[in-house]
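Structure record follows, encoded as structure tokens.
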Amino acid sequence: MKSSGMMATSSIVLAFLVVVAGLVAATARPSGTTNPVRRLPTSAGDDGWPWECCDFVVQDPLSRPPRWQCNDVVKECSPNCRRCEKSPAGDGFVCRDWIVSLLEPRVCTPRPWDCCDDAVCVTFDNIPTCWCADKVEKCPSNCKECVLVEKSDPPHYSCLDRFHGYPGPKCTPWISKDN
């Protein structure tokens, strides 16, 4: 008697899990599509992205692993783009593909620094706006707003340029060979 009760309970649990899996699959489908495509970084081109670089990138806050979409307006979409749409302003096209990747897409506009140990970032959306608070002997050549750091001997400078995106690599490795 005990075993038939357990079989009935496990059958109910199994049926419940099948219903939940179906609901999750139905809600995961992007709206307005009949054939949802979830592209991995290895699914197109040499680097797997439907764009070479992106300045206006959006990260889906609910997706783990992260998924990314580029909203840059271009003259024409890459051949790797599967969902190319006319931009809302009508001045070009936007690739609406979502890419699943742990890596942030490459940016088109270079950072005002090559590396940064002391990055300061604020986040108003999923992609932060950062600046580098490193004190250096000389600002990089592509830095537009270089200021002298007060009370530093010898004189040091800091680049106050803002960058929409992640700060990039550190200058000093956090693990040294001495450890």
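The values are calculated or read from the model by the stated rules, or taken from the named source; none is laboratory data. Nothing here was measured: the structure is a model prediction, and the numbers come from that model. Glycine gets a Cβ as well: all are built from the backbone with ideal geometry, and neighbour counts include every protein chain shown. Ligands, DNA and RNA are excluded from the accessible area calculation, which covers all protein heavy atoms including side chains. Shrake-Rupley method; radii C 1.70, N 1.55, O 1.52, S 1.80 Å.
Could you count how many residues in the range 138-169 are of a type in the set (Ser, Thr, Tyr) and outside any loop (DSSP other than H, G, I, E, B)?
Going through the range 138-169 one residue at a time, the tally reaches 2.
Among the residues of the range 96-111, is any over 16 Å from residue 58 (Cα atoms) and among the small types (Gly, Ala, Ser)? Within the range 96-111 (the criterion being over 16 Å from residue 58 (Cα atoms) and among the small types (Gly, Ala, Ser)), the answer is no, since none of the residues qualifies.
Does residue 117 count as in contact with a Ser or Thr (Cβ under 6 Å, 6 or more places away or on another chain) and open to solvent by 50 Å² or more (accessible area, probe 1.4 Å)?
Spelling it out, residue 117 is indeed in contact with a Ser or Thr (Cβ under 6 Å, 6 or more places away or on another chain) and open to solvent by 50 Å² or more (accessible area, probe 1.4 Å).
Taken over the range 68-103, the criterion of being more than 13 Å from the chain's Cα centre (by Cα), open to solvent by less than 20 Å² (accessible area, probe 1.4 Å) and modelled with pLDDT under 90 is satisfied by 87 alone.
Restricting attention to the range 51-91, which residues are among the small types (Gly, Ala, Ser) and more than 14 Å from residue 108 (Cβ to Cβ)?
Step one: list which residues in the range 51-91 are among the small types (Gly, Ala, Ser), which gives 63, 78, 87, 89-90.
63, 87, 89, 90, listed by residue number.
So, residue 114, is that one within 30 Å of residue 50 (Cβ to Cβ), part of a loop (DSSP other than H, G, I, E, B) and within 23 Å of the chain's Cα centre (by Cα) or not? Write out each step before concluding.
Values: within 30 Å of residue 50 (Cβ to Cβ): yes; part of a loop (DSSP other than H, G, I, E, B): yes; within 23 Å of the chain's Cα centre (by Cα): yes.
Judged against the criteria, residue 114 is a match.
Figure legend. Inter-residue proximity from the range 97-109: first residues closer than 20 Å to residue 79 by Cβ, second residues of a type in the set (Asp, Glu) and open to solvent by 40 Å² or more (accessible area, probe 1.4 Å), beta-carbon distance below 8 Å, spacing 6+ or different chains. Indicated pairs: 106/52; 108/52; 108/55.
Return the residues of the range 117-137 that are in a strand (DSSP E or B) and not hydroxyl-bearing (Ser, Thr, Tyr); say none if nothing qualifies. Talk me through it step by step, then tell me what you get.
Going through the range 117-137, the residues in a strand (DSSP E or B) turn out to be 119-122, 129-132, 136.
Passing the criteria: 119, 120, 121, 122, 130, 131, 132, 136.
Here residue 166 passes the criteria (1) open to solvent by less than 80 Å² (accessible area, probe 1.4 Å); (2) modelled with pLDDT of 85 or more except the one numbered (2).
Checking the range 122-134 against the condition returns a match, with at least one residue being open to solvent by less than 70 Å² (accessible area, probe 1.4 Å), modelled with pLDDT of 80 or more and among the acidic types (Asp, Glu).
I'd like to check something: does the range 145-159 contain any residue that is on the phi > 0 side of the Ramachandran plot, open to solvent by 70 Å² or more (accessible area, probe 1.4 Å) and either among the β-branched types (Val, Ile, Thr) or over 24 Å from the mean Cα position of the chain (by Cα) (or both)?
Filtering the range 145-159 down to residues on the phi > 0 side of the Ramachandran plot leaves 151.
This time we only want the ones that are open to solvent by 70 Å² or more (accessible area, probe 1.4 Å), so: 151.
If we keep only those that are either among the β-branched types (Val, Ile, Thr) or over 24 Å from the mean Cα position of the chain (by Cα) (or both) as well, we get 151.
Checking the range 145-159: at least one residue is on the phi > 0 side of the Ramachandran plot, open to solvent by 70 Å² or more (accessible area, probe 1.4 Å) and either among the β-branched types (Val, Ile, Thr) or over 24 Å from the mean Cα position of the chain (by Cα) (or both).
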